[in-house]
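Colleague: Here you go, one structure.
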Amino acid sequence: MAPITTIRPGQRLADDESLLALAEFLHHGVRPRERSLWLAMLDSERRMLPAVVPFHGLAADPGLPFVARLGYVWAAVLGAITRASTVLVLERPGAEAVRDSDRAWHAALHASAAEVGIGVAGFFLATTDGVRPLTPDDL
C-alpha cells in the first residue's frame, strides 16, 4: 500500500495496513521531545471523520481526569454513531521498546473508550525509532 500523503475526511481505513499508514502519517517521522496522543475518529464504515485531535505534553502515567475528559469527548462526538471507533497514536521520545507507561496508557484509553461504547480500531506507539502497533503480546 502506498503511504498516505494526506488525510481526507471520508477516507476509508478498511484494514490494519491502512491504520498503520495513518499512524505513520500522523507521526510524520518526527523525533518526539514530549509525550503526545493523536486521536483520529472513524464512523461505522471506518471512514475518517473530519478531525484529528492532538494532545501534547502528557505525563508518563495517564491521569484519571484527562482520561475521563477524553471519554466525555468521545461520547459527545461519536456517541450518536453506531459502531464508531478511534485510532490512537501514543507518541513519545526514546526507543520503540514498550514501557510500563505505554501499557498504562493503552489500558486506560481502552477502558475509557469501552466505558462510553467506542471501539479502538488501532493503537500505535510512535517513537524516535518509528511507528508500531501495540499488540496483545506487548501488553
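Laboratory data are not the source of any read-out in this text; all were calculated from the coordinates shown. Predicted model, so just to flag it, every value in this text is computed and none were measured. Reconstructed Cβ throughout: ideal geometry from the backbone, glycine too, with neighbour counts over all protein chains shown.
Colleague: Looking at (i) 14.0, 39; (ii) 16.0, 46; (iii) 13.8, 43, which value of Rg and Dmax of the Cα atoms in Å comes from a calculation on the structure shown?
Modeller: The calculated read-out lines up with (i).
Colleague: Also, quick follow-up: Would you calculate, for the chain, the mean residue ellipticity at 222 nm contributed by helices, counting each DSSP H stretch of 4 or more residues as -39,500 (n - 2.57) and dividing by all residues, to the nearest 500? Intermediate results must be reported in sequence, preceding the final value.
Modeller: Working: 3 runs with 43 residues, N = 139.
Result for the chain: -10000 deg cm²/dmol, rounded to the nearest 500.
Colleague: Between PHE55 and ARG99, what is the label-to-label distance in nm when each label sits 7 Å out along the Cα-to-Cβ direction?
Modeller: For PHE55 paired with ARG99, the spin-label model returns 1.7 nm.
Colleague: Under a 5 Å amide H to amide H cut-off, with H placed in plane at 1.01 Å, what residues pair with ARG35 once short-range neighbours are removed?
Modeller: GLY57, LEU58
Colleague: May I pose another question? List, in order, the whole-Hz ³J(HN,Hα) value for each residue of the range 68-77 obtained from phi through the Karplus relation with A = 6.51, B = -1.76, C = 1.60 and θ = phi - 60°; use x for Gly and Pro.
Modeller: 5, 4, 5, x, 4, 4, 4, 4, 5, 7
Colleague: Please list, in chain and number order, the residues 5+ apart from LEU134 or on another chain whose amide H is under 5 Å from its amide H, with Hs placed from the backbone.
Modeller: For LEU134, whose amide H was placed from the backbone, the distant partners under 5 Å are PHE123, PHE124, LEU125.
Colleague: Under a point-charge model restricted to the Cβ atoms of Lys and Arg (+1) and Asp and Glu (-1), what is the dipole moment magnitude of the range 16-138 relative to its Cα centre, in debye to the nearest 20?
Modeller: Computed about the Cα centre, the dipole is about 320 debye.
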